[in-house]
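Nothing in this text is a laboratory measurement; each read-out follows from the coordinates by a stated rule. Fair warning: this is a prediction, and the values are worked out from it, not measured in the lab. Positions of Cβ are generated from backbone atoms using ideal geometry, with glycine treated the same way; all protein chains shown enter the neighbour counts.
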Amino acid sequence: MTRTEVRELEARARQMYARGMPKPQVFATLSAGMEKPVQVARLVVSLPNPEGMRRYRTKNLVLSLLVLLLAVFAGYAKFAVGVGVNLAAGMIAAAVFFGIFAWCAWGIWQFSFPAYTSTVILLFLALSQTPRALMSLAAASPTPDGANGLLIALDVMIGLLLPVFLLWFTVRVRNNIFSRTGFFGGPRKDAAGNYLFGSAWERDAQTD
């Protein structure tokens, strides 16, 4: 399926859903005759539920602000590391990491499904690298002075505590605004192989 076809399919899905058609029916209509309807399922689960948006508007705003805060922390931490090489490297590293997380924060504020999934992936990758990074930092500063101690504490907060909370919070908010998906945003199925399109706050709706 080309990008143009995907955009057209997404536009049709949004129009149908905006007219009040339930997600299972949107999926059934658009996937009729397709051998591999997973692309349609991905589009349908990415449609924000109006009631979920209303219920979780405040939490969604808090999430976007927390991700923006993480962008600032990540940018500062990468600048502190990169500036050890040279100033340009520190500024580039800070701009890249700040820009990525800032884009996620903006997308979350706009109820953009890819932004939630991108945030989950970034946080998961950050957490997978945290133990090694913390051990390396501790080994380099076995008896940290004030400045090094502050850097270690900052790394612990950025690399472990904040991502763990944000990972849980992002998945929770996403699954209540959109369809309840897999951890990385993939559509879920029931035991019979039918796609599920219900949000976390409502009963899972099944396709016919």
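A few comments on the model shown:
- Backbone geometry of region 36-53 corresponds, through the Karplus equation with coefficients 6.51, -1.76 and 1.60 at θ = phi - 60°, to 3J(HN,Hα) couplings of 10, x, 4, 4, 5, 4, 5, 5, 5, 5, 7, 7, x, 7, x, 5, x, 4 Hz, x marking Gly and Pro.
- Nearest-0.05 FRET efficiency for Leu69 and Asp190, computed from C-beta distance (R0 30 Å): 0.20
- With a Förster radius of 30 Å applied to the C-beta separation of Val164 and Met1, the computed FRET efficiency comes to 0.25.
- Once the Cβ-Cβ distance of Thr58 and Val38 is raised to the sixth power relative to R0 = 25 Å, the FRET efficiency obtained is 0.15.
- Along region 56-65 the Karplus relation, 6.51 cos²θ - 1.76 cosθ + 1.60 evaluated at θ = phi - 60°, assigns HN-Hα couplings of 10, 4, 5, 4, 5, 5, 4, 4, 5, 5 Hz to successive residues, with x for each Gly and Pro.
- Cross-link partners of Lys189 among lysines (Cα-Cα below 17 Å; sequence separation of 8 or more within a chain): Lys23, Lys36
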